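The values are calculated or read from the model by the stated rules, or taken from the named source; none is laboratory data. Computed from a prediction, not measured in an experiment: that's the story for all the values here. Methodologically, a virtual Cβ is constructed for each residue, glycine included, from the backbone with ideal geometry; neighbour enumeration extends over all protein chains shown. Side chains are part of the model used for accessible areas, which takes the heavy atoms of the whole protein and leaves out ligands, DNA and RNA. Shrake-Rupley method; radii C 1.70, N 1.55, O 1.52, S 1.80 Å.
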Amino acid sequence: MTVATSQTDRLGANPFVVEGPIVAGSGVPGPMFSLGTISWGSKEAEWVYCKLVLASTTTLQPGQWFQWDRDYTATLLTTAGAVVGNRCGVFAGASQAPTQSGGPAQAISLAAGTYYIWLQRNGQAPALVTTATAALVVAETTATAGLANAPASATATTKAIANVNFAAANQTFTATTVNGSPVLSALGGVTPEGGPFIGAAISGTGIPGSTTISGITYSPSGTIQSITMSANATANGTAITVTATGVLEATLMRPFLSKVN
């Protein structure tokens, strides 16, 4: 006996598109791909196509951690909800029109409903972390949904996330500030894959405390042109050193929840 299965073409898959909300009977097809389908990108990047059911309005930010089960149903990762053995990865960002603040990949707010998203499991990616230790290959869950931790030693009762590496405990780059403006320009040491990323906390001369990156603009070729801060600069500066924390570049190597610490 032959068992037929639904097949979909992976050509044209865009891992930065969030599909939904999918409403039964609306005429809008969903899912567009078979759950568990893999999409590939540059620098060893791999994304997995998963189902996401939201009970309330939720903002997805680049770098948020998710886990998914054998049916490829994804949930935001927390210590309480983490299941040892589940695969996990990060939301790499959502596509937006070029005229919108944030460039081609940024945060997105979703109403309650059923969605289909691509979650990154391999390659260079943004990752939300409270503490990061350079070259650490095991991270851990936290009580905050979508947020991981990577301290020098494991925290008791958390769940270990295996196969994650952080190149550094923070990221530094150079920029020009203009007093009274939230825009950082003339950037040095930045890349779309390596960051800095939206949501990261930044500090430096002329940058007020508690400032974060609220937007990133890109050239048509995909290079970062400028960064928008959540606050205005308080001084003029050229080639100042800016330090970013909280959303860091991680190297993902098909992470999974390996044990209870």
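If the condition is being at positive phi, part of a loop (DSSP other than H, G, I, E, B) and at pLDDT below 95, then the stretch 123-158 contributes only A135.
One residue stands out in the stretch 20-59 among those that are in a loop (DSSP other than H, G, I, E, B) and of a type in the set (S, T, N, Q): the one that is farthest from the chain's Cα centre (by Cα), namely S26.
Residues in the stretch 210-221 that are surrounded by fewer than 19 Cβ atoms within 10 Å (Cβ to Cβ) and in a loop (DSSP other than H, G, I, E, B): S210, S219, P220, S221. Every condition in (1) modelled with pLDDT of 95 or more; (2) within 19 Å of A244 (Cβ to Cβ); (3) in contact with a Phe, Trp or Tyr (Cβ under 9 Å, 6 or more places away or on another chain) holds for I161 except the one numbered (2). Residue count for the stretch 18-59 under the criterion of being of a type in the set (A, V, I, L, M) and loosely packed, with under 13 Cβ neighbours inside 10 Å: the result is 4. Scanning the stretch 181-190 for residues that are in a loop (DSSP other than H, G, I, E, B) and either surrounded by 15 or more Cβ atoms within 10 Å (Cβ to Cβ) or at positive phi (or both) returns P182, G189, V190. Among the residues of the stretch 116-166, those that are open to solvent by 10 Å² or more (accessible area, probe 1.4 Å), under 23 Å from S203 (Cα atoms), under 16 Å from the mean Cα position of the chain (by Cα) and of a type in the set (A, V, I, L, M, F, W, C) comprise L128, A132, L147. Of the set (1) over 30 Å from S226 (Cβ atoms); (2) at pLDDT 95 or above; (3) polar (S, T, N, Q), all apply to Q120 but (1). E193 passes every criterion in (1) open to solvent by less than 40 Å² (accessible area, probe 1.4 Å); (2) within 18 Å of A125 (Cα to Cα); (3) assigned to a loop (DSSP other than H, G, I, E, B) apart from (1).
For the condition in contact with a Ser or Thr (Cβ under 6 Å, 6 or more places away or on another chain) and either part of a strand (DSSP E or B) or under 19 Å from L248 (Cβ atoms) (or both), what is the one hit in I207, I202, I198?
It is I202.
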